[in-house]
Amino acid sequence: MQALLEGGSALWVLFSTGFLSATLLPGGSEANLIAALKLGDNPVWQLVGVATLGNTLGGMTNYWLGRILPDKTSDQKHGHKALQWLKKYGYWTLLFSWLPVIGDPLCLAAGWLRMRQGLCLMLILIGKAIRYTALTLIVTGLL
């Protein structure tokens with residue numbers, strides 16, 4: 001495993017696990033980020049950036065999947081919690097797209113509700129960047 005997290009390979013592993021963990025597939029990229037940080041083969045900003053990019057693109061994949069789902073039940077009174085949050089709090093809810101369990105459905109629901117793609121991308125990116133930055137600050141002892 002250590003060989004995968006050294007040099008340029010670490011960036012591909014981080015991107016891949018970040019992407020996959022943000023889709024509806026199970027997985028987590030935090031352990032890989034922590035391991036890559038501990039090895040110190042890449043600049044911290046690069047590791048955080050690649051993990052954020054992969055995770056954001058995974059979230060946007062969920063958004064695009066939501067866009068292709070037919071809108072047959074938007075008038076239902078009761079729906080999934082992610083839909084309820086997005087309807088109640090709007091775009092700002094996407095800052096929490098990094099949360100386990102609820103984050104993936106938030107991105108999917110945003111697409112399903114046909115929310116503006118550019119604004120969704122920006123808020124998903126910000127939320128995920130804050131998450132990886134906070135984790136990095138904790139691991140490096142700066143927070």
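Table: residues versus (1) of a type in the set (D, E, K, R); (2) under 25 Å from TRP12 (Cα atoms).
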site	(1), (2)
LYS38	yes, yes
LYS87	yes, no
THR93	no, no
VAL101	no, yes
GLN117	no, no
LEU123	no, yes
TYR132	no, yes
LEU137	no, yes
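Can you name every residue in the range 84-112 that is surrounded by fewer than 17 Cβ atoms within 10 Å (Cβ to Cβ) and more than 12 Å from the chain's Cα centre (by Cα)?
Answer for the range 84-112, where residues must be surrounded by fewer than 17 Cβ atoms within 10 Å (Cβ to Cβ) and more than 12 Å from the chain's Cα centre (by Cα): GLN84, LYS87, LYS88, TYR89, GLY90, TYR91, TRP92.
Restricting to the range 23-64, give me the number of residues that are of a type outside the set (Ser, Thr, Tyr) and open to solvent by less than 10 Å² (accessible area, probe 1.4 Å).
Going through the range 23-64 one residue at a time, the tally reaches 10.
Select from the range 124-143 the residues that are surrounded by fewer than 21 Cβ atoms within 10 Å (Cβ to Cβ) and of a type outside the set (Gly, Ala, Ser) and list them in ascending order. Quick ask: steps written out before the conclusion?
Residues of the range 124-143 surrounded by fewer than 21 Cβ atoms within 10 Å (Cβ to Cβ): 125-126, 129-130, 133-143.
Passing the criteria: LEU125, ILE126, ILE130, THR133, LEU135, THR136, LEU137, ILE138, VAL139, THR140, LEU142, LEU143.
The values are calculated or read from the model by the stated rules, or taken from the named source; none is laboratory data. Note that the structure is predicted; figures quoted are calculated from it, not measured. Heads up, the Cβs are rebuilt from the backbone with ideal geometry, glycines too, and the neighbour counts pull from every protein chain shown. Each accessible area value is taken on the protein alone, full model and side chains, heavy atoms only, with ligands, DNA and RNA left out. Shrake-Rupley method; radii C 1.70, N 1.55, O 1.52, S 1.80 Å.
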